1. I'd like to check something: does the stretch 141-154 contain any residue that is in contact with a Lys or Arg (Cβ under 8 Å, 6 or more places away or on another chain), over 17 Å from VAL87 (Cβ atoms) and not acidic (Asp, Glu)?
2. Consider only pairs whose beta carbons are under 8 Å apart and that are at least six residues apart or on different chains; among these, list those whose first residue lies in the stretch 96-121 and is at pLDDT below 85 and whose second residue is β-branched (Val, Ile, Thr) and part of a loop (DSSP other than H, G, I, E, B).
3. Considering only residues of the stretch 318-339 that are in contact with a helix residue (DSSP H, G or I) (Cβ under 9 Å, 6 or more places away or on another chain) and more than 24 Å from THR290 (Cα to Cα), which is surrounded by the fewest Cβ atoms within 10 Å (Cβ to Cβ)?
4. So which of ILE333, ILE352 ends up being of a type outside the set (D, E, K, R) and modelled with pLDDT under 90?
5. Please give the number of the condition GLY381 fails out of (1) modelled with pLDDT of 85 or more; (2) within 30 Å of ARG233 (Cβ to Cβ); (3) assigned to a loop (DSSP other than H, G, I, E, B).
6. Looking at the stretch 71-86, can you tell me whether even one residue there is within 14 Å of LEU10 (Cα to Cα), in contact (Cβ under 8 Å) with a residue 24 or more places away in the chain, touching an Asp or Glu at 6+ places or on another chain (Cβ under 7 Å) and of a type in the set (Val, Ile, Thr)?
7. Conditions: (1) under 60 Å from the mean Cα position of the chain (by Cα); (2) of a type outside the set (S, T, N, Q); (3) outside any helix (DSSP H, G or I). ASP14 meets all but one. Number of the miss?
8. Among the residues in the stretch 1-16, are any under 13 Å from VAL87 (Cβ atoms) and surrounded by fewer than 16 Cβ atoms within 10 Å (Cβ to Cβ)?
Amino acid sequence: METKPEVKVLLVDDREDNLFSMSTVLERDGYVIRTARSGREALKILLKEHDFTLILLDVQMPDLSGYETASLIYARDKLKHIPVIFVTAHSYSDEYVYKGYQAGAVDYIYKPINPELLRAKVNVFAELYRKTHLLVAHEQQLREMNNELENRVRQRTEELTDKNAELERANFELKKVNNDLDSFVYAASHDLKAPVSNIEGLLASLTDFFSPEMLEDDNVKMIIGMINESISRFKVTIHDLTEVTKIQKSIEEDVNTIDILEVIEDVKVGIRDMIENTGAILNIVHNGETKVSFSRKNLKSVLYNLISNAIKYRSSERIPEVDISIGREDEYIIISVTDNGLGFNPNDKEKIFTMFKRLHDHVEGTGIGLYIVKKIVENCGGRIEVESEQGRGTTFSVFIRVKPEIVLI
């Protein structure tokens, strides 16, 4: 709560009775009163105290007149703000009144003094002083608040600058690690091709030494089949790893305006056997806007993974049904693939896009497909979102920019 400032009034008169009468009247209003018997005494007081609200100054005084005293008061910068009211027993002509105003007076009070008039005039300046003091206090508060805000902004800016620098360093290190990882994956997938081919060739050569009877043995058949199956899975993994490096090294390849519906038909041809064997139903809905600037090969890879997964991870309790919708939202073409399959725990949303991560092990796969899908989409400035409910199904939504931008991740 604001406290009222102290109002100090300096009374200057060479007569003690005048000082006493004015003090008696003004003290009733709670003002702090200081008195001086001459102009020189008033100036001595003002040398030490600059916080007076008002000075009541007698005009006719020995040694220094009221006019001379006022002129000396206003000659000092620290005292110029204090208003002066002249007190006089004479009614002066306009010329003398003008002289008083030139000396710095703001008003006149004539003797004999009317107590109510004195109180009223002093009260005007007291209220003005209080309001001025309040404004100054508020201005100071605003200045302090502004300084505090500036300090906070400066501190926050410094923190953000440090965080940005830290983020840039982390991003640089991450890019370096990604580049090293890409180089390793490329080298590993390339170097593993020859040993796998050698194993495949050696197995073929080994079987040439087996007699027809041995080749017909169930145990031998089982072992050879398991080896061939492992070799096939190994080759698929190497192929997928090679695809990962291709995405990083050739993301600008083959970008053209393509029709999404045509790519979906290509995918359906590629998984025809899967569709027929499972009795899967594919529904396609669109608003007529089905063309997008994208790599046909990459879009086919995205849709192949999403549609084939929707069928592969089907529920044994119902016929697989896949709804594919194509629409436009702001700067994105959105392709959504919704199935009625197994679904998964929503807490595993981010895990499914991790390389080699699989949530269902009863279906064959390498765990690289969705990682590749995410890479393809994000490298072109898009994004992929997923919503799923365990036992009910999953929806993947691919957001492709209408005007694609290449983003190295």
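1. No, that holds for no residue.
2. From residues that are at pLDDT below 85, the pairs are GLY100/VAL59.
3. Restricting to residues being in contact with a helix residue (DSSP H, G or I) (Cβ under 9 Å, 6 or more places away or on another chain) and more than 24 Å from THR290 (Cα to Cα), the top hit is ILE319.
4. ILE352
5. Status for GLY381: all satisfied but (2).
6. yes
7. With (1) under 60 Å from the mean Cα position of the chain (by Cα); (2) of a type outside the set (S, T, N, Q); (3) outside any helix (DSSP H, G or I) applied to ASP14, the lone miss is (1).
8. Yes: one or more hits.
The values are calculated or read from the model by the stated rules, or taken from the named source; none is laboratory data. Not measured: the values here are computed from a predicted model. When we count neighbours, we look across all protein chains shown, and the Cβ atoms used for this are built from the backbone with ideal geometry, even at glycine.
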